[in-house]
Structure formats: structure tokens, C-alpha cells
Amino acid sequence: MRATAEALEGSRVRLSVQVEESEFDRAVDQTVRKLAKEVRVPGFRPGKVPRRVLEARLGGPGSLRSEALREALPEFYARAVAETELDPIAPPEFDITAGQESGAVEFDALVQVRPTVAIPGYAGLAVTVPALEVQDEDVDRQVDRLRENDGELIEVARGVRDKDNATINLHAKSDRGEEVVGVDDFLYEVGSGSVVPELDEQLRGAKQGDVLAFNAHVPGQDDALAFSVLVKEVKEKRLPEATDEWVAENSEFSTLAALRADITERLQQVRLLEARYAWRERSVAALVELVDDDEVPEIMVDEELSQRVHDLGHRLDEQKMTLDQFLMATGRDAESLLAEMRTDAQRAVKADLGLRALAEAEDLDVDETELAEQLVSSAERLQMDVDVLRRELDRNGRMSEVRSEQRKAKALTWLLDHVQLVDDEGREVSRDKLRPDEDVQDGGEEVEVSVESQQVQDRAHEGEAS
């Protein structure tokens with residue numbers, strides 16, 4: 001078999017394939033054996049139907065050859081794709097140009113391939129990550145949260161302030177005079193906004209015994225409700241002083257300094273994780289911004305969206321939840337959810353195209369050793385023999401996809417190693433501080449590559465089973 005590829009406009013390629021007569025004859029023989037097992041002919045056992053009987057049954061030798069063409073064409077096409085290293089993103093359009101009646105078979109396959117997009121300025125990208133340094137104010141806020149747990153409510157005679165706890169009788173009626181809200185001795189933290197914003201506005205400055213009246217809208221009600229509030233008691237939360245004694249009584253530490261040191265260390269770990277996440281996500285996002293929307297094939301977005309919809313349905317099934325229940329719980333309708341998912345799908349496709357373009361621009365390749373290591377890892381995960389996996393990937397023309405995913409992983413590593421990092425104040429951030437352990441980054445990338453390659457390997461596994 002010989003194959004040649006001719007580039008056309010619009011990321012389309014004409015793949016011309018020639019199959020020698022002897023090779024196609026073997027494909028006809030395979031079709032005969034397959035049909036002999038499937039076709040039921042009186043007087044013959046399954047698998048023992050003679051070829052001439054099958055030909056007569058199907059309408060003559062030409063019909064048998066047509067069936068062989070239909071059966072063999074996809075495999076010849078897959079081999080041609082692998083031979084020419086094309087990257088199709090849509091099913092091909094076949095045109096058999098010779099061999100329909102006899103002799104060698106020739107056919108053209110018109111196919112849309114993944115485009116190579118432009119990513120101007122990719123080498124000078126800069127992204128912002130959270131600052132790693134923990135300030136004293138950050139630690140103070142954490143200490144105050146702990147003090148809040150031990151705070152005491154002390155009755156005061158002054159006007160209400162934010163953070164005070166007011167005991168109130170709260171009632172609200174509709175314009176028809178029906179009581180919609182009615183609760184007495186309700187302990188409310190002023191400024192929390194947990195009822196309606198107007199309640200906090202009215203309570204600020206109020207004193208014990210005051211009666212407040214105002215109108216406000218609440219969720220689920222078309223018209224405003226008439227609220228009446230009686231302020232029965234005002235209490236201020238007084239926090240314990242942050243001393244060594246308080247720390248010793250209420251924590252595992254014996255001094256305030258030890259508590260603050262522990263909080264500082266924990267906040268630094270959180271900052272580090274946040275910065276690592278931002279480094280990765282914002283670097284890819286910056287690359288995505290370089291990809292023009294017009295260069296993104298709609299068919300790729302549609303396929304990505306279809307996969308995401310399928311995955312959502314699968315997750316909802318696992319949680320015993322219907323789509324309507326999910327929409328109600330998230331406060332969305334089907335149209336807005338689909339629009340949101342489509343936006344995410346387009347972003348994912350742009351990231352895919354951007355990383356592939358970067359790999360091409362920087363001439364990042366995958367050698368046979370790296371490919372072999374990936375196949376071993378994939379075979380272990382799929383619990384199959386690595387040689388079987390390789391044969392199936394070769395047979396289905398999927399080996400190039402595995403190699404492409406590895407190139408994308410290298411492109412991501414290159415991007416993370418070259419993007420400029422600054423914090424919120426514009427100060428340069430050393431990537432060495434974000435990557436104290438090389439395994440952290442490498443491991444994360446390996447997971448992503450494995451996930452993205454999984455569909456390719458699963459298809460190979462399914463091919464072996466069939």
C-alpha cells in the first residue's frame with residue numbers, strides 16, 4: 001500500500017491511497033471468511049459456506065468485492081493516516097477512483113486535519129501569581145478568628161454597630177396583610193446581611209426598645225414586604241486578649257509566638273499551593289489568549305462539548321440526580337448551562353491547539369525511549385501487555401496521538417519554564433520558590449498527559465477486545 005497527502009485550503013488534505021491487487025485480494029478473503037460465519041445458508045454449517053454460494057447469495061462477484069471494499073477501506077485509511085502522519089479531526093469523505101470491479105484499488109480520502117495556529121508573542125508571556133510572603137496582618141486575622149470562638153456577648157446600652165448581636169422580634173407582611181415572616185427573640189449579627197440588606201441599614205445606630213419599620217424585597221416574593229422590628233437587646237462580642245495564657249488554655253501551643261509561627265507556616269503552604277495553581281492555569285490561559293477564535297475549527301469545539309455533556313450526564317447518573325434537579329440546584333437553565341459548557345469547550349480546544357503550536361515552534365519532539373516509557377506506563381494502567389497495546393495503536397493509527405500528547409506535555413513544561421512570573425505588586429517571583437520539589441510539577445503534568453491520552457489507549461484496549 002502507498003499513500004500520499006496533498007494539502008488543500010482550510011486545513012483539509014486529500015489523502016490518495018493505492019492498494020495492490022494481491023493485498024486487496026487478502027482483504028476479500030477475510031471478508032469471505034467473515035461472511036461465511038455470519039450468513040445462514042440451508043445445507044451448510046456456519047463458516048463452511050463456499051465462496052461461489054456467498055457470491056450468488058449476495059448478487060454476484062461484484063457484490064462480494066463491494067462488501068470487501070466497505071469492510072477494508074477504514075483499515076487502509078487508518079494505515080495511510082499513520083504512514084503520512086496526518087492528524088484528522090473529522091471523518092473522511094471517500095472517493096474510490098479505481099478497482100471497484102477488479103485489479104488494484106485506489107481511493108482518495110478528503111479529510112479535515114487539526115490546524116497549526118499562530119501564537120504570536122508566546123515567548124514573552126507574563127502572568128501574575130499570588131505573593132508568597134505572609135504579612136503580619138494575615139496572621140492577625142487568623143488569630144482574631146480563633147479569638148472569635150472564645151468571645152463573650154456583653155449587653156451594652158449604646159447604639160447598634162456592625163458585629164453586634166441584636167435580639168429582635170422580626171415580622172414581615174405582604175401587601176395583602178398576610179404575615180410572611182414571623183420570629184421572636186431572634187439573635188441576629190448586625191452586618192451579616194443574612195436576612196435583607198435593609199435590616200442591617202435600619203439596625204445600625206438603633207437602641208434597645210426601638211421599633212423599626214421599612215419595606216424590602218425578599219427572594220420568591222414579587223412585591224416588597226412591610227417589615228417591623230423590635231430591638232429587645234444589644235450585645236457586643238468582646239474577644240479575649242491574645243496572651244500566652246489564652247493560647248495555652250485554648251490551643252496545643254504554650255505561647256502566642258508559637259501559635260503565630262504555626263499559622264504563618266500553614267498560610268505559607270496555602271500561598272504556595274495557590275501560586276502553583278495560578279502559575280499553571282494562568283500560563284495556559286495566557287497562551288489561549290494568543291489563539292485567534294477564527295482559527296478554531298467548530299467541529300473540534302462540537303466534539304469537545306459533546307464529550308463534556310456526556311461526562312456531566314455520567315456524573316449525574318452516579319449521583320442519582322436528574323438534569324432538572326441539577327439545574328434547579330445550581331440556579332441555571334439548560335440554555336445557559338450549555339452556553340457555559342461551550343465556552344469551556346472552546347477554551348480547552350484553544351489550549352490544545354496552542355500547546356501543539358508551541359511544540360512545533362520550539363521543535364519539541366518525543367524520542368523512541370520517551371514513547372516506550374509512556375507505553376509501558378499506559379499498559380500498566382490498562383492492565384494489558386505493552387506489545388499488544390503497541391500493535392493495537394499501530395493498527396488503529398493511534399500511535400501518533402500518543403506521541404502528540406507527549407509533545408503537548410513538553411510544550412506545557414516549556415511554557416511553565418519560560419513564562420515571566422510576577423506577584424500582585426508587580427515584583428518578580430522566582431519559579432524556584434514555586435518548584436521546591438521537581439516531582440511536584442512533573443507529577444502533575446504526567447497526570448494530565450495520562451488523562452488526555454486515556455481515550456486513545458482505551459480505544460486501543462477496546463480494539464484488542466473486539
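Here are a few things to note about the model shown:
- Rounded to the nearest 20, the Cβ-based charge dipole of the chain about its Cα centre (Lys and Arg +1, Asp and Glu -1) stands at 2040 debye.
- Taking every alpha-carbon pair under 8 Å whose residues sit at least 6 apart, the stretch 256-465 reaches a relative contact order of 25 percent.
- Relative contact order, whole percent, for the chain stands at 16, derived from Cα pairs under 8 Å and 6 or more residues apart.
- Under conditions of 25 °C and 0.890 mPa s, the chain yields 83 µm² s⁻¹ as its translational diffusion coefficient, taking Rh as the Kirkwood radius over Cα pairs in the Stokes-Einstein equation.
- Reach of K163 by Cα under 22 Å, taken over lysines that are not fewer than 8 positions away in the same chain: K207, K232, K235, K237
- For the stretch 127-265, pairs of C-alpha atoms spaced more than 27 angstrom apart make up 44 percent of the total.
- Only helical runs count toward this figure. For the chain, summing -39,500 (n - 2.57) over DSSP H runs of n ≥ 4 and dividing by all residues gives -17500 deg cm²/dmol at 222 nm.
- Model label zone, I299; criterion: amide N under 18 Å from point 7 Å along Cα-to-beta-carbon; scope the stretch 92-110: 92-96, 108-110
- Extension gain, A56 to D423, is 124.3 nm, computed as 0.36 nm per intervening residue step minus the present C-alpha separation.
- Of the residues T128, A5, G159, the one whose Cα sits farthest towards the positive end of the charge dipole of the stretch 1-159 is A5 (charges of +1 on Lys and Arg Cβ, -1 on Asp and Glu Cβ, taken about the Cα centre).
- Bridgeable aspartates and glutamates around K320 (alpha carbons under 20 Å apart, same-chain partners fewer than 8 residues away excluded): D311, D333.
- Relative contact order of the stretch 2-112, defined on C-alpha pairs under 8 angstrom at six or more residues apart (%): 36
- Förster-model FRET efficiency, 25 Å R0, V218 and Q325, C-beta, rounded to 0.05: 0.55
- Using Cβ point charges alone (K and R +1, D and E -1), the dipole size of the stretch 256-465 about the Cα centre works out to roughly 660 debye.
- Calculated FRET efficiency for the pair D262/L239, C-beta based, R₀ 22 Å, to 0.05: 0.65
- About the centre of its Cα atoms, the stretch 199-246 shows a dipole size close to 220 debye [charges on the beta carbon of Lys, Arg (+1) and Asp, Glu (-1) only; nearest 20 debye].
- Nearby lysines by direct alpha-carbon distance to K350 (threshold 19 angstrom, same-chain neighbours under 8 apart not counted): K408, K410
- Computed over neighbours whose Cβ is under 12 Å from that of L421, the net charge equals +2, Lys and Arg +1, Asp and Glu -1.
Only the coordinates and a few stated rules stand behind these numbers; no lab work does. The structure displayed is predicted, hence computed values, not measured ones. Note that each Cβ is placed from the backbone with ideal geometry, even for glycine, and that neighbours are counted across all protein chains shown.
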